[in-house]
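Notes follow once the structure below has been shown.
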Amino acid sequence: EPEVTQTPSHQVTQMGQEVILRCVPISNHLYFYWYRQILGQKVEFLVSFYNNEISEKSEIFDDQFSVERPDGSNFTLKIRSTKLEDSAMYFCASRGDRYQETQYFGPGTRLLVL
Amino acid sequence: DQQVKQNSPSLSVQEGRISILNCDYTNSMFDYFLWYKKYPAEGPTFLISISSIKDKNEDGRFTVFLNKSAKHLSLHIVPSQPGDSAVYFCAAYDPSGSRLTFGEGTQLTVNP
C-alpha cells in the first residue's frame with residue numbers, strides 16, 4: 001500500500017541553525033501538507049501546497065518557514081533559524097485530489113532544538 | 001483554538017466490549033470529519049470519515065455517527081481489541097481551506 005515517507009526520523013540541532021525536513025508524498029497525490037505536534041499539545045496545521053505554490057498557511061508559518069517541491073517526488077519544509085519552541089514532531093501529509101478528502105500522514109520527524 | 005474538542009483524554013474498556021469516543025465541534029462550516037488513530041512514535045493513520053450530508057458511516061468494527069444539530073460526532077468500536085489501544089484523533093475540514101483541525105486526542109486502552 002502506498003505511504004508517505006519522511007526523513008530523518010529524528011533531528012537534533014542547535015538554536016539558530018537551519019533544518020530541512022524531507023517528505024516523499026504518495027505518488028500521484030496533488031495536495032501536500034505539513035503539520036506539527038508539540039509535546040502534549042494538539043496536531044497543528046502549518047501549510048498546504050498545491051500546484052507548486054502555497055495554498056494556505058497558518059499563523060505559525062512565519063518567514064522562518066518555507067516549503068518546496070524541488071522535484072517530482074520530494075516535498076521539503078525548511079526552518080531557517082530554529083528556535084527552542086520549534087521542537088516538535090513534524091508530520092507531512094498528502095491528499096489525492098480535490099474530491100478525495102482523506103489526508104495520509106507520514107511517520108513524522110522528531111525535531112529537537114537545543 | 002477550541003474548534004474541535006475531545007473532552008475525554010483517556011478511556012479504558014474491556015476486550016470485546018464497545019468503545020465510544022466522542023468529539024464536539026463549534027465551527028458550523030465544517031463539512032467533513034475524519035478519525036485517525038496514532039501509535040507512539042508513528043504518524044496518524046486514517047481510520048474512517050463522514051461527510052456532513054450523512055449521519056452514519058460504517059466500516060467493519062468501526063462506525064462514526066454525526067449529529068449536526070448538536071455539533072457532535074462519535075466513533076464506536078465493537079468489539080474492542082487490545083490492538084485498538086492507541087490515541088484517537090477527531091479532525092474536521094473547513095471547505096474554505098484545506099487544513100484539518102484536530103482535537104486533543106483520546107487515549108484508548110483495551111484491556112485483555
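Every number in this text was worked out from the coordinates using simple rules, so none of it is lab data. All of these numbers come straight from a predicted model, not from anything done at the bench. As a convention, Cβ positions derive from the backbone with ideal geometry for all residues, glycine included, and neighbour counts pool all protein chains shown.
Need one value for A:36-44: mean number of C-beta atoms belonging to other chains within 10 Å of its residues' C-beta atoms.
Per-residue shielding by partner chains comes out at 4.
How do A:48-58, A:24-34 rank on mean C-beta neighbours within 10 Å, highest first?
Highest-to-lowest ranking by the protection proxy: A:24-34, A:48-58.
For the range A:5-113, what is the relative contact order in percent, using Cα pairs closer than 8 Å and at least 6 residues apart in sequence?
37
Could you calculate the contour length gain from B:THR26 to B:GLN107, that is, 0.36 nm times the residue separation minus the distance between their Cα atoms, to one decimal place in nm?
26.9 nm
Over chain B, what is the mean sequence separation of C-alpha contacts under 8 Å (at least six apart), divided by residue count, expressed as relative contact order in percent?
37
Over 19 Å apart: what share of the alpha carbon pairs of chain B falls there, rounded to a whole percent?
Cα-Cα pairs of chain B separated by over 19 Å account for 40 percent.
How much length is gained on full extension from A:ASN52 to A:ASN74, taking 0.36 nm per residue of separation minus their Cα-Cα distance? Working shown, then result.
Numbers: separation 22, 0.36 × 22 = 7.92 nm, distance 1.18 nm.
Once the chain is fully extended between A:ASN52 and A:ASN74, it gains 6.7 nm.
Taking the number of other C-beta atoms within 10 Å as the exposure measure, put A:VAL4, A:VAL19 in order starting with the fewest. Numbers along the way, then the final one.
Working: A:VAL4 23, A:VAL19 19.
With the fewest neighbours first, A:VAL4, A:VAL19 line up as A:VAL19, A:VAL4.
Roughly what would the spin-label model give for A:GLN17 and B:GLU15, points 7 Å off Cα along C-beta, in nm?
4.5
Restricting things to alpha carbons, find the Rg to Rh ratio for the range A:5-113 using the Kirkwood radius for Rh.
So for the range A:5-113, dividing Rg by the Kirkwood Rh gives 0.94.
Under a point spin-label approximation (7 Å from Cα along Cα-to-Cβ), what is the B:ALA70-B:LYS54 distance to one decimal in nm?
For B:ALA70 paired with B:LYS54, the spin-label model returns 2.0 nm.
Exposure proxy check: B:LYS54, A:LYS42 ranked by fewest other beta carbons within 10 Å?
B:LYS54, A:LYS42
State the dimensionless ratio Rg/Rh of the protein assembly as shown (Rg: radius of gyration of Cα atoms; Rh: Kirkwood radius).
Radius of gyration relative to Kirkwood radius: 0.97.
In the neighborhood of A:TYR31, defined by Cβ-to-Cβ distances under 9 Å, what is the net charge if each Lys or Arg adds +1 and each Asp or Glu adds -1?
So the environment of A:TYR31 carries a net charge of +1.
So what is the diffusion coefficient of the range B:54-112 in µm² per second by Stokes-Einstein at 20 °C and 1.002 mPa s, using a Kirkwood Rh over Cα pairs?
The estimated diffusion coefficient comes to 164 µm²/s.
Of the beta bridges DSSP finds with both residues in chain A, what % are antiparallel, to the nearest 5?
Within chain A, antiparallel bridges account for around 90 percent of the total.
Excluding residues fewer than 8 places away in the same chain, name every one of the aspartates and glutamates whose C-alpha is closer than 20 Å to that of A:LYS78.
Cα-Cα hits under 20 Å: A:GLU18, A:GLU44, A:GLU53, A:GLU56, A:GLU59, A:ASP62, A:ASP63, A:GLU68, A:ASP86.
For the range B:2-34 and the range A:89-114, what is the separation of their C-alpha centers, rounded to whole Å?
Value for the Cα centre distance between the two parts: 21 Å.
Which percent of Cα pairs goes in each bin when the distances of the range B:27-78 are cut into 10 angstrom slices starting at zero?
24, 50, 24, 3
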